Amino acid sequence: MRECPLRTTVVGSYPFPGWLEFACQTLEKFGSADLNELREDAVIVAIHDQAAAGLDVITDGEQTRVDFNLSFYGFLEGIEIETKPARRFGPPAHDQRGKHTVSGELLAPRGLGAVEEFERLKRLAPRGPTLKASLPGPYTLSGRLIPNDHYKDRYALTEALLPLVRVELESLVNAGCHEITVDEPSMSCYAHRADPKRLVNIFNRTVDSIAGRCRLSTHLCFGNYKGRAVGLRRYAPMFPAFLDMRVDEIHLEMASREFAEIELIRQIAEKKDVAVGIIDVKSYYIETVEEVAARVRLCLQQAPPERLSFAPDCGLSQTARWAARLKLKNMVEGVKLVRQEMKL
């Protein structure tokens, strides 16, 4: 258990400011100093919004990434970046994203960039909030790579990526990162048709060298591309196997599912901390302070306060910034209201 009860936290991503989206259309016009300034300013914006909301735990908002994971492929050797997607028009979905052809041995001689992100966050963040880094796991990263004769299937690609992610996690801890989320949404999305114990084994081997050296969490997500889920939105296929993941905290997406399967909070809390998603990032309805407080009280029927954290359902990158700011502010105020009631 960790000392702070009813923590307020986030998964990782935060929306880009509008000016950054605009600037990204013409990056070739910027010099290297301009680009560094652009990155720093965007991270400062994300830090400001999270700190202003009063969060106990903040991230850099993943402002220097493309999506939560796509930019990591730029650090890999042995791939040819992006083949044309099978479908380019119509309603947005995952099949409109391209995949990468594997052309050689998968290597990451420069690392995966997460350490540089964390060093920037340390330098720019105010004193007070806990700083958290997030990193996609190897099974999720394998999903955008096309198997070949050497890497026969997704599991073979995963095994090749696993040591690269493990080294990056070790480097983060060595850089002074005390809290890390290992994002494996693909495990959540496909657990209903994969062997969940095999997925847990992959996860545990990925984090084995840092387990116990930092606070580790994972985010069980059903997908949020353009505000849409991609996986079967049920936790039942993952449990009880996922209870054996070597993490201190498991994050559940609850708000967008009207707290279906809420009994899982009790089951997880017997072994680990639980971060409950009580803010719906797929909706532009702004939860009120009172509604947030009611959701916190509902969770307290399942687990003691020292086991609970509260967060949005998923990363906020697919939510407009104005809404993200309001949602985070009300989330923090709602949790504070319950803390005051309980004299915590």
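Descriptive notes on the structure:
- Here Glu306, Glu263, Glu258, Glu291 are screened, and the one residue that is among the acidic types (Asp, Glu) and either touching a Gly at 6+ places or on another chain (Cβ under 6 Å) or under 26 Å from Ile180 (Cβ atoms) (or both) is Glu306.
- Condition met for Gln50 (more than 18 Å from Trp322 (Cβ to Cβ) and outside any loop (DSSP other than H, G, I, E, B)): no
- Test for Arg110: is it in contact (Cβ under 8 Å) with a residue 24 or more places away in the chain, in contact with a helix residue (DSSP H, G or I) (Cβ under 8 Å, 6 or more places away or on another chain) and either charged (D, E, K, R) or under 18 Å from Tyr139 (Cβ atoms) (or both): yes
- Test set (1) at positive phi; (2) crowded, with 21+ Cβ neighbours inside 10 Å - Gly113 fails condition number: (2)
- Region 219-240 - residue that is modelled with pLDDT under 90 and not in a loop (DSSP other than H, G, I, E, B) and, of those, nearest to Asn201 (Cα to Cα): Tyr225
- Count of residues meeting criterion [in contact with a His (Cβ under 8 Å, 6 or more places away or on another chain), in a loop (DSSP other than H, G, I, E, B) and acidic (Asp, Glu)] in region 60-119: 1
- Residue match in region 179-191 (condition: under 21 Å from Ala275 (Cα atoms), in a loop (DSSP other than H, G, I, E, B) and touching a Cys at 6+ places or on another chain (Cβ under 7 Å)): no
- Here Glu62, Glu37, Glu28 are screened, and the one residue that is within 22 Å of Tyr225 (Cα to Cα) and either loosely packed, with under 14 Cβ neighbours inside 10 Å or touching a Gly at 6+ places or on another chain (Cβ under 8 Å) (or both) is Glu62.
- Region 292-307 - residue that is in contact with a helix residue (DSSP H, G or I) (Cβ under 8 Å, 6 or more places away or on another chain) and among the charged types (D, E, K, R) and, of those, nearest to Ile250 (Cα to Cα): Arg307
- Complete set of residues in region 308-333 that are crowded, with 24+ Cβ neighbours inside 10 Å, in contact with a helix residue (DSSP H, G or I) (Cβ under 6 Å, 6 or more places away or on another chain) and either free of Cβ contacts under 8 Å to residues at least 24 places away in the same chain or not aliphatic (A, V, I, L, M) (or both): Phe310, Asp313
- Residues in region 128-151 that are touching a helix residue (DSSP H, G or I) at 6+ places or on another chain (Cβ under 6 Å) and either β-branched (Val, Ile, Thr) or assigned to a strand (DSSP E or B) (or both): Leu131, Ala133, Leu135, Thr140, Leu145.
- Those residues of region 249-260 which are under 11 Å from Tyr235 (Cα atoms) and in contact with a strand residue (DSSP E or B) (Cβ under 8 Å, 6 or more places away or on another chain), in sequence order: Leu252, Glu253, Met254
The values are calculated or read from the model by the stated rules, or taken from the named source; none is laboratory data. Owing to the predicted nature of the structure, the values given are computational and were not obtained by experimental measurement. When we count neighbours, we look across all protein chains shown, and the Cβ atoms used for this are built from the backbone with ideal geometry, even at glycine.
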